[in-house]
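Chemist: Quick one: the structure is below, questions incoming.
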Amino acid sequence: MQRFNLTIVKQFWSIAQRYWSSDEKWRARGLLLLVVLLSLGYTGLSVLLNNKRGALISALSAKDEAVFWQTILVFVGTLVVYAPLYAGYVYLRDRLGLRWRQWLTEDFTDRYFENRAFYQLNYSDANIDNPDQRITEDVKSFTQESLGLLLAVVDALLAIAPSAPYFGVFPHP
């Protein structure tokens, strides 16, 4: 099994930190914070929906009409809050990804055209075709995959946090 490669993390950060410490850093960090907060909200509601789904099935099995209708009301109320929360999460996540992608693409293309560097690149390797297009595609891939990975880790941590006491991670209150 291959060990964790710290060089890859350093290379990733050397590219990513340009945006996260740029003149747009506060807007980017604010959007990221909002995305994480919305993720926390909809993950919590997902746990609640899952619990209510179990209560609904139990009420149906026990033929308890009062508990059934009470659970349905909580379920519907939760869905009314959950849907816009999740939509806001997806919108802001994509908005953050787009802003990061635009900024990083402009940064790389500016550096590509700076001091006529594109001439050096064209003469040094004739096999490189459409370097400006490759820059935009690579930046798109970098930003989408990086943001997706970060948010998947955050979502996974938020999803397992409610069950952490059951696994001995945190003591019971």
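The values are calculated or read from the model by the stated rules, or taken from the named source; none is laboratory data. None of the values given here were measured: they were computed from a predicted structure. No Cβ is skipped: glycine too gets one built from the backbone with ideal geometry, and neighbour counts run over all protein chains shown.
Chemist: Report yes if V9 is free of Cβ contacts under 8 Å to residues at least 60 places away in the same chain, over 21 Å from F75 (Cβ atoms), assigned to a helix (DSSP H, G or I) and out of contact with any His (no Cβ under 6 Å at 6 or more places or on another chain), otherwise no.
Modeler: The answer is yes for V9.
Chemist: For the range 17-48, what are the residues that are outside any helix (DSSP H, G or I) and not charged (D, E, K, R)?
Modeler: S21, S22
Chemist: Hey, any hits in the range 62-73 for a residue that's of a type in the set (V, I, T), over 26 Å from the mean Cα position of the chain (by Cα) and crowded, with 16+ Cβ neighbours inside 10 Å?
Modeler: Within the range 62-73, one or more residues are of a type in the set (V, I, T), over 26 Å from the mean Cα position of the chain (by Cα) and crowded, with 16+ Cβ neighbours inside 10 Å.
Chemist: Tell me yes or no: at least one residue of the range 32-55 is farther than 26 Å from A152 by Cα and surrounded by 12 or more Cβ atoms within 10 Å (Cβ to Cβ).
Modeler: There is at least one residue in the range 32-55 that is farther than 26 Å from A152 by Cα and surrounded by 12 or more Cβ atoms within 10 Å (Cβ to Cβ).
Chemist: Have a look at L92, L150 and point out the one that is within 22 Å of L40 (Cα to Cα), of a type in the set (A, V, I, L, M), modelled with pLDDT under 90 and surrounded by 13 or more Cβ atoms within 10 Å (Cβ to Cβ).
Modeler: Checking each option against the conditions leaves just L150.
Chemist: Just to verify a result, which residue in the range 74-87, among those that are in contact (Cβ under 8 Å) with a residue 12 or more places away in the chain and not β-branched (V, I, T), is surrounded by the most Cβ atoms within 10 Å (Cβ to Cβ)?
Modeler: The qualifying residue surrounded by the most Cβ atoms within 10 Å (Cβ to Cβ) is L85.
Chemist: Kindly establish whether F108 is within 27 Å of S22 (Cα to Cα) and either acidic (D, E) or at pLDDT below 70 (or both).
Modeler: Here the answer is no, as F108 does not meet what is asked.
Conditions (1) closer than 27 Å to L147 by Cα; (2) touching a Gly at 6+ places or on another chain (Cβ under 8 Å); (3) assigned to a helix (DSSP H, G or I); (4) polar (S, T, N, Q), marked per residue:
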| residue | (1), (2), (3), (4) |
| --- | --- |
| N51 | no, no, yes, yes |
| L60 | no, no, yes, no |
| V67 | no, no, yes, no |
| L73 | no, no, yes, no |
| L85 | yes, yes, yes, no |
| G88 | yes, no, yes, no |
